[in-house]
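Working notes for the structure below.
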Amino acid sequence: MIEISRALKIIEQKTPWLGSERVALTDSVGRVLVENVVADSDLPPFDRSQMDGYAVVASDTKNSPVTLKIVGESAAGRGWHNTMKTGEAVRIMTGASVPAGADAVQKVELTSGWSDDRRETVTILEAVKKGTAIVRKGAEVTKDKLIFSLGEVATEQIIAALASFGYAKVRVGKAPRVAIMSTGTEIVPVNKKPDRDQIRNSNSVMLEVLCRKFACSTTILPMVGDDLAGLKVAIRGARCEILIITGGVSVGKYDLTKQALADLGAEIFFDKVRLKPGKPAVFARLGKTLIFGLPGNPVSAAVTFQLFVRKAIMLMQRAAATDLSRGNAILTADAKAPVDRDAYVPSALSTDQDGHLLAAPLRSQGSSDFIAFSRADSLIVLKRGARKAKGDVADILFL
């Protein structure tokens, strides 16, 4: 039985990068950038008005109200590209370029005559300070500045920025093909009503959704019963970069996954981890395929996926951050770890009226209680033998 930190290090050492590809910007969400994104222009590319009103010389408004001559109009996409002089004003719209010579914009509410396009003068009702309502050229980003770095994950929030700098296509890491196989004679398809002593195959669906979250292409393989020969045939036939097998990794009479891997000549890097839930997790390699044997209990399968499989998926795409994000929260109930294993306790987060982050351990009937786990958005991390009382601060991982 190895430490969790050691298991993570082994995964890091044994997981290859899959190379890169260029994809359309709209297909890049969830993918890992393998190029630096650099601004190809200043942003904004010109001095930009923050509101509708009049571009003016601020010193002209010092003794407001004051009447100025309207010499032009600057609208978004149709700027007034002359030099404004003292005593003049330019009608300007939000997002339009501020003409040369102007150093402030007075908002329309503090002027008169806005609705009459034929007016040749405008009265500025209140003085305006230099720089008011103007975003200067390059104030947000200057040309050639690094915006996003190699290894960052493209999110919905960064798409507009990528588009603004001309990234119609983006170079990203190739995402792995993942095959998912559930084992056990008791397993039946989701769309079939279980007979006595049977359960539906919830693990494969859960794992497929989790994998797709990280841009993987997925295949759910046919279920395999408690049959060593059939299991070996199924493993040998998988065509993928990562194979996830659930069930059959413990030490029972019908736990055959490790035996099948050994018979096939797979390199088994670890097969037992100081972890609750998920102690019997397996990590191996057969040919070029990485294989994760996860416990059949749904909570154990979910936790070991988040800790181990997720890391390999992100490493294959050259992500800079490959582990779950960490934080701290105040416990709303007592929590403890067994003396021989670290505990990763499913929990639900909230905040109190003072803004403190709270973590509520989800009370369950064990690692098969996926109903309780369905409310989890985090894991409370407890070192083996640790006991935490209600009100204590604990380390957490965000799911």
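The values are calculated or read from the model by the stated rules, or taken from the named source; none is laboratory data. All of these numbers come straight from a predicted model, not from anything done at the bench. Neighbour counts run over all protein chains shown; Cβ positions are idealised from the backbone, glycine included. Remember, those area values only see protein heavy atoms, side chains included, never the ligands or the DNA or RNA. Shrake-Rupley method; radii C 1.70, N 1.55, O 1.52, S 1.80 Å.
List pairs: first residue in the range 152-171 and over 18 Å from residue 314 (Cα atoms), second residue among the charged types (D, E, K, R) anywhere in the structure, Cβ distance under 7 angstrom, at least six positions apart or on different chains.
From the range 152-171, the pairs are 165/40; 166/40; 169/22.
In the range 221-261, how many residues are under 20 Å from residue 188 (Cβ atoms) and open to solvent by less than 20 Å² (accessible area, probe 1.4 Å)?
Within the range 221-261, residues that are under 20 Å from residue 188 (Cβ atoms) and open to solvent by less than 20 Å² (accessible area, probe 1.4 Å) number 8.
Only one residue in 40, 27 is surrounded by fewer than 20 Cβ atoms within 10 Å (Cβ to Cβ), acidic (Asp, Glu) and without any contact (Cβ under 8 Å) to a residue 40 or more places away in the chain, so which one is that?
One residue alone meets the criteria, 27.
Collect the residues in the range 314-337 that are over 22 Å from residue 348 (Cβ atoms) and either in contact with a Pro (Cβ under 6 Å, 6 or more places away or on another chain) or open to solvent by 30 Å² or more (accessible area, probe 1.4 Å) (or both), keeping them in residue-number order.
Scanning the range 314-337 gives 315, 316, 318, 320, 321.
For the range 66-81, which positions are in a strand (DSSP E or B) and of a type outside the set (D, E, K, R)?
66, 67, 68, 70, 71, 72, 74, 75, listed by residue number.
Hey, could you check the range 338-384 for residues that are of a type in the set (Gly, Ala, Ser) and open to solvent by 60 Å² or more (accessible area, probe 1.4 Å) and say which is modelled with the lowest pLDDT?
The residue in question is 368.
Anything in the range 183-220 that is buried (at least 19 other Cβ atoms within 10 Å of the Cβ) and assigned to a loop (DSSP other than H, G, I, E, B)? List them, or say none.
184, 201, 214, 215, 216
Give me the residue from the range 262-313 that is part of a helix (DSSP H, G or I) and β-branched (Val, Ile, Thr) and, out of that set, surrounded by the fewest Cβ atoms within 10 Å (Cβ to Cβ).
Of all residues in the range 262-313, those part of a helix (DSSP H, G or I) come to 262-263, 298-313.
Subset that is β-branched (Val, Ile, Thr): 299, 303-304, 309, 313.
Numbers: 299: 23, 303: 27, 304: 29, 309: 25, 313: 26.
Here the answer is 299.
Which one is nearest to residue 50 (Cα to Cα) among residues in the range 113-146 that are modelled with pLDDT under 95 and of a type outside the set (D, E, K, R)?
That would be 114.
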